[in-house]
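Enquirer: After the structure tokens below, expect a handful of questions from me.
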Amino acid sequence: GGHSGIVNGLDQSKLRAWQMGLTGYPLVDAAMRQLWAWGWMPNYLRHVVAGFLIEYLGLDWRHGEAWFHDTLVDADVAINAFMWQNGGHSGPDQWNFVMHPVYAAKSCDPEGDFVRMWCPELAKLPAEFIHNPWEAPTTMLAKLPAE
């Protein structure tokens, strides 16, 4: 479509990390890994990862639209474009909210079971730190498997 695909080097690495589920935000990473493996993710998580791409990584919504179009088994051209435009503040029904990747995780995955399934490198973290591993004590982090 009208997606130019032109991004600078830093943006390209941020986009790739988002696509592969390697952002460092466990819920975002788990959802993106599920998308890659299954071609699907729950609607709530689609909002979370879209908001993360746009608001936290500062990338153009069209990158997300293109990725979802290529990876979702239930991709619908019109709905996908409409939702990404709204999330990217350029559609007719723009989102006026941002879903924080840690707070959203604590509400939809309170015990961390979803994150543990898709991010096995974090599986040994207790629920207290599963969504914010950067706050875990270094002694606890040192016991995690190396990536």
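Enquirer: For the range 121-134, take each phi angle, set θ = phi - 60°, evaluate the Karplus expression 6.51 cos²θ - 1.76 cosθ + 1.60, and give the result in whole Hz per residue in order, putting x for glycine and proline.
Expert: 5, 9, 4, 7, 6, x, 3, 4, 10, 4, 9, 9, x, 5
Enquirer: If all Cα-Cα distances of the chain are sorted into 10 Å bins from 0 onward, what percent lands in each bin, rounded to whole numbers?
Expert: With 10 Å bins starting at 0, P(r) equals 11, 41, 34, 12, 2.
Enquirer: For the charge dipole of the chain, defined by +1 on Lys and Arg C-beta atoms and -1 on Asp and Glu C-beta atoms about the Cα centroid, which residue among Ser90, Phe68, Pro133 has the Cα displaced farthest towards the positive pole?
Expert: Pro133
Enquirer: Let me ask something additional. Using a 1.4 angstrom probe, figure out how much accessible area the chain has per residue, in square angstrom, rounded to the nearest whole.
Expert: 54
Enquirer: What nm distance separates the two modelled labels at Ser13 and Lys106, each placed 7 Å from Cα along Cα→Cβ?
Expert: 3.0
Enquirer: When the accessible area of the chain is computed with all protein chains present and a 1.4 Å probe, what percentage of it is carbon and sulfur?
Expert: 57
Enquirer: Ok, one more. How about Lys106: which lysines have a C-alpha closer than 20 Å to its C-alpha, ignoring those fewer than 8 places off in the same chain?
Expert: Output for Lys106: Lys124.
Enquirer: While we're looking at this one, here's another question. Just grab the label-to-label distance for Ile79 and Thr138, each label 7 Å out from Cα along the Cβ direction, in nm (one decimal).
Expert: 4.8
Enquirer: Taking 0.36 nm per intervening residue step and subtracting the Cα-Cα distance, what contour gain separates Ala146 from Trp40 on full extension?
Expert: 35.4 nm
Enquirer: Follow-up question, since we're still on this one. With the Cα gyration tensor of the range 105-147 giving a ≥ b ≥ c as the square roots of its eigenvalues, does the rule (a/c under 1.5 for rounded; else a/b larger than b/c for prolate; else oblate) give rounded, prolate or oblate?
Expert: It is oblate, given that a/c is not under 1.5 and a/b is not larger than b/c.
Enquirer: Starting at the first residue of the range 37-45, write each ³J(HN,Hα) from the Karplus equation 6.51 cos²θ - 1.76 cosθ + 1.60 with θ = phi - 60°, in whole Hz, x for Gly and Pro.
Expert: Running phi through 6.51 cos²θ - 1.76 cosθ + 1.60 with θ = phi - 60° gives 6, 9, x, 7, 8, x, 4, 4, 6 Hz.
Enquirer: Continuing with this model, one more query. Quick check on the range 1-88: take the gyration tensor over C-alpha atoms, sort the square-rooted eigenvalues as a ≥ b ≥ c, and tell me if it's rounded (a/c under 1.5), prolate or oblate.
Expert: Values: a/c = 1.45, a/b = 1.03, b/c = 1.41.
Note, shape of the range 1-88 comes out rounded.
Enquirer: Compare the peptides 24-31, 135-142 by average per-residue count of other Cβ atoms within 10 angstrom and give them in order, highest first.
Expert: 24-31, 135-142
Enquirer: List the trypsin sites (Lys or Arg not before Pro) in the range 54-147 that DSSP assigns to loop (not H, G, I, E or B) and whose Cβ has at most 11 other Cβ atoms within 10 Å. Which are they?
Expert: Within the range 54-147, the qualifying trypsin sites (Lys or Arg not before Pro) (loop, at most 11 other Cβ atoms within 10 Å) are Lys143.
The values are calculated or read from the model by the stated rules, or taken from the named source; none is laboratory data. Keep in mind it's a predicted model, so treat the numbers as computed, not measured. In this analysis, Cβ positions are derived from the backbone assuming ideal geometry, glycine residues included, and neighbour counts consider all displayed protein chains. These area figures cover heavy atoms from the full protein model, side chains too; ligands, DNA and RNA do not enter into them. Shrake-Rupley method; radii C 1.70, N 1.55, O 1.52, S 1.80 Å.
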